[in-house]
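Contents: one structure, followed by commentary.
The values are calculated or read from the model by the stated rules, or taken from the named source; none is laboratory data. For clarity, every value in this text was computed on a predicted model and none was experimentally measured. In this analysis, Cβ positions are derived from the backbone assuming ideal geometry, glycine residues included, and neighbour counts consider all displayed protein chains. Accessible surface is based on the protein model in full, side chains and every heavy atom, while ligands, DNA and RNA are left aside. Shrake-Rupley method; radii C 1.70, N 1.55, O 1.52, S 1.80 Å.
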Amino acid sequence: MQGANRSALPEFTLVGFSTFPWQLLPAFFLLFLLMYLVTLLGNLLIMVTIWSERSLHTPMYLFLCALSTSEVLYTFTIIPRMLADLLFSRHSITFLACASQMFFSFTFGFTHSFLLTVMGYDRYVAICHPLHYHVLMSPRGCACLVAWSWVGGSVMGLVVTTSVFHLTFCKSHEVHHFFCHVPPLLKLACGDDFPVVSLGVGLVCITALLGCFILILLSYAFIVTTLVRIPSAEGRQKAFSTCASHLTVVVVHYGFASVIYLKPKGPQSLEGDTLMGTTYTVLTPFLSPIIFSLRNQELKITMKKTFLSKPHPSSS
C-alpha cells in the first residue's frame, strides 16, 4: 500500500521563493549566484594552493582541503537547483531526484561536521601533545580520519533518506522549502509509522551534531588549559593563531545551525523560513573559505605567492 501511495505521487513541488514578489527574484538570483561563485572560487583556490605547495602538506591543511571538497559538493547539491527555480516558473522535482538531493545534502553536510571535529582534534594534539603529534597524526592516521568522516556522512545520509522516503506522503505535494529537506517533507507524511520515524530521524541528527559539537568544545577546553600554562604571551598568541580560523568557522557553522533547528515552535511565515534556510545553505559556505583565507596567515601568504606573484623574465 505504501508503494502504491508513493507511485501516485511521482513528484513534489518546491515552493521555495515562489511566495516572494516576482520583482525580488532577479535580485535574489544575482545575489545567490555571486555568493555561490565566490564559494566555489574560494574553495578551489584553497584546494589548489594546498596541493601545489609542499610546505602545506601537513595534517591541518590536508583536513582543510577535504573540508573544502565537502563544501563544494554540498553547495553543488543544493544551490544550482535553487538558482534555476528562481528563473523558471516550474518548480517540480521527481520523487527520485528529491531523495537523491536529500541523500547527498545530508552526506556532504554531516561529512563537513565530522571533518570540523577532526580538525579540532588535530589542533588539540598539536598544542597539548606536540611531542606525539607525528605519531598520532601520521599520514595513515589522517587518511583514516578523513575516510571515516566520509563514511560517517554517507551512513547518516543513507539512514535519514531511507527513513524519510519509506513514509507515505499523502497530505500534499508542496514542499515548503527550496530543496528537499527533512522537516518540510515530514509535514507531508502520514501513517502509523510516521511518529516513530520523525522522532528517530530527529534524535539521530541531533545526537550526531551535538556529539561533534561537544567533542570540539572538549578539544578547545584542553587547548585553553594548555595555553594558560605557556609563560610568554607571544607563545600563547602563536599557538592560538593556528586555531583561530577553525574556531571561527565552527562558531559560524553551529551558530547558524542553532538558529535554524532550535528556533521556538510557533507560526512562521514561509518567506521567513525560506530566508532563514539560506543562512546554512548559502551564507555559511560563502563565509567559510573567506574566513580560512583571511585568518590563516600561512595560507594567505602562500596563496599570494602562488597566484599573485609575477614571473620574472629569464635573463638572456
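Per-structure values
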item: Pairs of alpha carbons in the stretch 107-174 whose separation is greater than 15 Å (percent); result: 63
item: Å³ per residue enclosed by the Cα convex hull of the chain; result: 180
item: Fraction of accessible area attributable to carbon and sulfur, the stretch 1-159 (%, probe 1.4 Å); result: 76
item: Unit charges on C-beta of K, R, D, E only; dipole of the stretch 49-176, Debye; result: 100
item: Å² of accessible area per residue within the stretch 2-147, as computed with a 1.4 Å probe and no ligands counted; result: 47
item: Selection from VAL182, HIS253, THR274 lying farthest towards where the dipole of the stretch 138-297 points positive, charges on Cβ; result: HIS253
item: Solvent-accessible area of GLU271 with every protein chain in place, 1.4 Å probe, in Å² to the nearest 10; result: 70
item: Additional length obtainable on full extension of the chain from SER138 to LEU283, 0.36 nm per residue less Cα span; result: 48.8 nm
item: Dipole axis of the chain (+1 Lys, Arg; -1 Asp, Glu on Cβ), positive-most option in PHE63, ALA239, PHE169; result: ALA239
item: Equivalent ellipsoid semi-axes, the stretch 118-246, via Cα gyration tensor eigenvalues times 5, rooted, Å; result: 43, 16, 12
item: Candidate residues VAL38, VAL155: accessible-area rank, largest first, probe 1.4 Å; result: VAL155, VAL38
item: Volume in Å³ per residue [convex hull over Cα atoms, computed for the stretch 20-81]; result: 72
item: Residue-level accessible surface for ILE301, protein heavy atoms, 1.4 Å, Å²; result: 110
item: Contour excess over end-to-end distance, with Cα ends at ILE290 and HIS173 and 0.36 nm allotted per residue; result: 38.3 nm
item: 5 angstrom amide H check on VAL175, placed H, neighbours 5+ away; result: THR13, LEU14, VAL15
